[in-house]
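For reference, the structure discussed in these notes is given below.
The values are calculated or read from the model by the stated rules, or taken from the named source; none is laboratory data. Please read all numbers here as calculations on a predicted model, not as lab measurements. Ideal geometry is used to build each Cβ from the backbone, glycine not excepted, and the neighbour counts take in all protein chains shown.
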């Protein structure tokens, strides 16, 4: 592991992790699929939600809901307090200096688009360079291509090796006097590779560039300490962190966010408006035009409480055990090849079976109640790098069990029986 | 084999047979029509080659590319069914197939009961809307090809 997770309060490292008890928090895990127990191995796409998160959202609507920042009545103040509390939870979870550095967005994709539009507007001009890696999700490729079209920036891509790693020297070599930003995922959604984020951020800073970390896949396994990382931006999606859809987070260093122009205009982000000119609200409201996803922010706060109470270190230890066991079982299955064999990785496994299309694998597994992802995982350049149109991908979260890994392996034998014998 | 009825719905013997042993998977040098299409959601790619003779009949057909079992089997079956038909008959079969496998608008298929019966063996696909694109990829590609006459050999 390249990073020490930022530990939550009250965490007892070493106490046994009771996955059976954890599973009772997730109602959907107890609903059969096609008459069989659900084996949900697609947490990297989106995590299932614990009752605590659903209850928080429902309770907020039932007891505290009104629009925020507007009403003079006490209910609106309560709603505003709930929203602000959620922002403080996120700030604490990421170890941000203060909650003005936390901007709520729809998801990680919108957070990256915000940076591309706003940081791009303020700090990037024709010929300036943005460095990404060959592992990126489309959400960290396309916004920069749009900016390239608009401003004539240059997009450089750090290469992958055959293990699906981004070697530090290949990345560092791309950094130069015109590099303004390095933007990369801390953990690959397609292959599970852990990137040496701290070293990459240091290298970017040494070249005079800023660093944006896409933490969508990493924050769920290792948390984040943005001060220790010293990243300039950090983004993630709430729905991958066992929270609701429709809420994401942009962390940005305060002085950078201060220097950046608004992303969208509208209500809530202004100080005053006349037809001649408007002035903008202070951080973070400057970047939150319009009524935000208030209840979803509150529920994201509950999701953070949930993972923090379980303990990120213990979650990660549990997921590592699942990963090691799954790698062992899948490696022993002769027709299967694992795509991406990084030395440091998180609990995501991409694989192919010679002669069987990933969509067929996923469908046969579905008949056994096993949910995996098949396709390009919004990372077509990764597929191209490994010469496959698509892969099957199993990913493991805090509620998965060794028995579910066995269910995956057993279902894969049905695939072999159906297509290869 | 697996004793699993859901799997059998999606992968009936006709699909397994045609995906393991695709018919007419070859190239057709000097053909009169060719087309290619992709399913961007899975990266599948199918090419279809056709020879339409002077009487307006599909006198030869072949396919290639890379695709899943459903798309491969459907392409293979299609080549058998449209051989000897006119382009209009082939299109009518396609509309019937869509109605069987997904629920598109139907079309009359005069005198092709045997072909329709063979397409009906894929009716289990109806329960898997995510795979309709797989099943119809080759058929769409055939229509693209028919719009796409090549320089006469």
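Overview of values
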| item | result |
| --- | --- |
| The listed residue being farther than 30 Å from residue A:68 by Cα and touching a strand residue (DSSP E or B) at 6+ places or on another chain (Cβ under 6 Å), out of A:106, A:87, A:148 | A:148 |
| Among the candidates B:25, B:55, B:8, residue that is modelled with pLDDT of 95 or more and touching a helix residue (DSSP H, G or I) at 6+ places or on another chain (Cβ under 8 Å) | B:25 |
| The stretch A:212-234, residues that are without any contact (Cβ under 8 Å) to a residue 60 or more places away in the chain and surrounded by fewer than 24 Cβ atoms within 10 Å (Cβ to Cβ) | A:230 |
| Residues of the stretch A:382-396 satisfying the condition of being more than 9 Å from chain B (Cβ to nearest Cβ) and in contact with a helix residue (DSSP H, G or I) (Cβ under 9 Å, 6 or more places away or on another chain) | A:391, A:392, A:393, A:394, A:396 |
| Leading residue by the ranking (surrounded by the fewest Cβ atoms within 10 Å (Cβ to Cβ)) among those in the stretch A:198-211 that are in a helix (DSSP H, G or I) and in contact with a strand residue (DSSP E or B) (Cβ under 6 Å, 6 or more places away or on another chain) | A:201 |
| Residues of the stretch A:167-196 satisfying the condition of being in contact with a strand residue (DSSP E or B) (Cβ under 6 Å, 6 or more places away or on another chain), assigned to a helix (DSSP H, G or I) and over 19 Å from residue A:144 (Cα atoms) | A:170 |
